[in-house]
Amino acid sequence: MSEVQQSQRRWWALALIAAAQFVVIMDTSIIGVALPRIQSDLGFSQENLSWVFNAYVVAFGGLLLLGGRLSDLFGARRMFATGWFVLLIGSVVAGAAGEIWVELAGRALQGAGAALIAPSALTLLMMLFGGEPRELGKALALYGAAAPAGGTAGVFLGGVITEYLSWPWVFYINIPIAVIALVAIPALMPAGAAGRGSTDLLGAVTVTAGLAAAVYAVVRAPEAGWGSVETIAGLAAAVALLGVFVAVQAKKKAPLVRLAIFRTPNLGAANTAQLLLGGAWIPMWFFLNLYLQQVLGLGAFASGSALLPMTVLIMLLMVAVAPRLTTRFGAKPMVVAGLVLLAAGLGWLALVRPDGTYWADVLPASLVAAAGMSLAFVPSLGTAISSARPEEGGLASGIVNTSYQIGSALGLAAMTAVAASFTSLTDGISAAFVGAAGIAVLGALIAAVTVRGARSEAPERETAAV
């Protein structure tokens, strides 16, 4: 194969990797517009409706560490293909569900597939572009843009599908994409070498169960009471399970997560930024969608279309602007400025009114928030990945994806609890925006103190960090 053909194949492989990131994040948001119809058809209560989202995110976030470890042990290409197959099966189950438990099982299967896809995709990207810092910067920018673009575009696609087809098709849309991916993987993706070690199933079970217990306790708290036995027991179980996980990791010879990795400079700081970024961003689109449909009265298609400007802005800023600014100023100022800008947009959205309009109450504030997300996401992601050893690329990818997804789940659970404490729907949505803004401000403060970096660093290194 000629050098030109190899280069072309590498960029086609990047397109598939970016599509994978787009799909796994799209699956968190595509159900947003369809939720009222899913609730009506399957009989979800208002309090438990968020579990259609959380079942996916908890499985995704909880199993990402295992997915990253499996990628390092058995090869990224193999796990990438396995993840697509599991996602396909989960999509069939979720779309065909006629009962609540079947729907949640399908969503959890989708999340498990995504947990295999996401870290192996990043590992494959590093295998393809890791030797050339400038091209790696371009590749990571395109990959990074695919995540929030997938989240926002999912809302639009969910609106179109719900309006003109039916809600099961928000899951069935994954089937042809997964089939194309499975056919293309052998031709496009490098095989790579498998590693040695065990899979640490005990670690995977305890961390997933601990995270699920934490999310469940927060979601149930508004109904059961924050001081109730159920809530306290749920949070205690979460702490105990996560404590067992840490203890197991400290003693195992081949742990799921090598705890010393968190002593790597910038790894913990960048992951904290990703966790709080997800905790602020995902509640924003969730409650913004509720405001558009249940307060402003927009239909499914109109609600999805209303968020398209955010998608366009995110793609533009992440691909063309954020990498250049990060190269010039460094990752730390970009992460801090992005989170501050996101907080400003959320604070603006908190001014929503029962008799508001899209043009005055939604569009300008959502664009400010999208700009903040775009500036903070790529440099924090790149910093987290580039901080780890090359042989732990899958693990680092799993950790940073876990941080973002669990931050998303806990942020949504907490803001759902905040919104439920208000009798007025608009007041509850406004309070959720205020809470999300607070999360973004906290992220900016922590990043300002903990993220290391200087403007004087070599441009190639900063581009690679993007």
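Observations, loosely collected:
- Being under 26 Å from Asn401 (Cβ atoms) and assigned by TED's automatic domain parsing to the domain that holds Glu99 is a property that does not hold for Asp41.
- Taken over the range 143-172, the criterion of being more than 18 Å from Phe286 (Cβ to Cβ) and surrounded by fewer than 22 Cβ atoms within 10 Å (Cβ to Cβ) is satisfied by Val160, Glu163, Tyr164, Leu165, Ser166, Pro168, Trp169, Tyr172.
Every residue, every condition in (1) in a helix (DSSP H, G or I); (2) crowded, with 19+ Cβ neighbours inside 10 Å; (3) hydroxyl-bearing (Ser, Thr, Tyr), yes or no:
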{"site": "Trp11", "(1), (2), (3)": "yes, no, no"}
{"site": "Val24", "(1), (2), (3)": "yes, yes, no"}
{"site": "Thr28", "(1), (2), (3)": "yes, yes, yes"}
{"site": "Gly32", "(1), (2), (3)": "no, yes, no"}
{"site": "Val52", "(1), (2), (3)": "yes, yes, no"}
{"site": "Leu65", "(1), (2), (3)": "yes, yes, no"}
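- Boolean, Leu292 is surrounded by 16 or more Cβ atoms within 10 Å (Cβ to Cβ) and either at pLDDT 80 or above or part of a helix (DSSP H, G or I) (or both): yes
- Cβ separations smaller than 8 Å between residues 6+ apart or across chains give the following pairs from the range 333-358 residues that are surrounded by fewer than 19 Cβ atoms within 10 Å (Cβ to Cβ) to residues that are of a type in the set (Asp, Glu): Leu351/Asp361; Arg353/Asp361.
- The condition of being crowded, with 17+ Cβ neighbours inside 10 Å and modelled with pLDDT under 75 does not hold for Gly210.
- Taking the criterion of being over 30 Å from Val451 (Cβ atoms) and among the hydroxyl-bearing types (Ser, Thr, Tyr), the residues of the range 224-265 that qualify are Ser228, Thr231.
The values are calculated or read from the model by the stated rules, or taken from the named source; none is laboratory data. Since the structure is predicted, the reported quantities are computational estimates derived from the model, not experimental observations. Ideal geometry is used to build each Cβ from the backbone, glycine not excepted, and the neighbour counts take in all protein chains shown.
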